[in-house]
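Just so you know, all these numbers are worked out from the coordinates, no wet-lab data involved. Being a predicted model, the structure only gives us computed values, none of them experimental. Note: ideal-geometry Cβ built from the backbone for every residue, glycine included; neighbour counts use all protein chains shown.
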Amino acid sequence: MANWWPFVSRNAVPDPFVIKSESAECSKDWKPVTLFQPKQFVAGHNTFFIRTKTSLVVLDADTLLPLEVTFNKINVDNSSQSTSVWLDKELYHIDVLASRIITRSGPTGDDVEFYRLIFAADDQVFLLDRPCINSGDNPAPLNVTAEVEIPGRAVEACYISEQAGFVVAVTLNDNSDKLHQDHLIWYSTSGELCGVLPFLGNGPHHLYNVYLPGKQNEDNTEGWYLYFTDGHGGLCCCKIF
């Protein structure tokens, strides 16, 4: 993996903001990427997300090259989008809420490891996939597999499995509100709403999932279970799938 570091001009407020990467093989091999008015930066394994004043820019962490963003989900008509500018609108907050390494068959039939990210941008939550290792000269694309609109701001998330989906903790309050409430929402990996557990207290809720084999001579005990704190002093367990 190439060595890199951010490079900023000597101006107090650089505009445009320029990031450059230096390869390990050649110290003069600079690859500049110009980002106008950056507001926020978050990283999810091998992917950088940069919120600018008017859009969201997605870069490969190793090369700092723009990523192709593709869509493979039920509720979006786009088949592909070859651009590093994704969500071409003004955003106020972005966050990588959770991540998991998953394995599935690649184009050649071999098993390929992917980073699966739960990414939040304002009142939208996305399920994203990207191969752990780039193949070839170009960075692997970022694939959007699900997109949901949430009633508020996402504060926590937990990816369970391909069959069981994922859960997101959502709030409309600030952390300082005395009557702070969170709501736990369960979605399938295709973005369909599966269930809601409302009126939790303030987090963090420490969402943790585990697959339990069940007990002998007892039906319907095998499956995925989600453990979390309810924000009111209690510890909860829900069977998800």
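Would you list, by chain and number, the aspartates and glutamates whose Cα falls below 20 Å from the Cα of Lys53, excluding same-chain residues fewer than 8 positions away?
Asp15, Asp88, Glu90, Asp95, Asp122, Asp123
Give the average over all directions of the projected area of the C-alpha convex hull of region 126-218, one decimal, in nm². Can you show the working numbers first?
Working: hull surface 36.5 nm².
Computing the convex hull of the Cα atoms and averaging its projections yields 9.1 nm².
What percent of all Cα-Cα pairs in region 37-149 falls into each 10 Å bin, going from 0 up to the bin containing the maximum distance?
14, 49, 32, 5, 0
For Glu68, what residues show an amide H to amide H distance below 5 Å, using hydrogens built from the backbone and excluding near sequence neighbours?
Long-range HN contacts for Glu68: Leu142.
Amide H neighbours of Ile160 under 5 Å, at least 5 residues apart or on other chains, H built in the peptide plane: list them.
Close amide H contacts, sequence-distant or interchain: Gly165, Phe166, Val167.
Could you compute the net charge surrounding Ala98? Neighbours are other residues with a C-beta less than 13 Å from the C-beta of Ala98; K and R count +1, D and E count -1.
Values: positive: Arg100, Arg116; negative: Asp95, Glu156.
Its environment carries a net charge of 0.
Going by how many other beta carbons lie within 10 Å of each one, how would you line up Ser99, Ser190, Ser55, Ser176, fewest first?
On the way: Ser99 16, Ser190 13, Ser55 19, Ser176 7.
Least crowded to most crowded, the residues run Ser176, Ser190, Ser99, Ser55.
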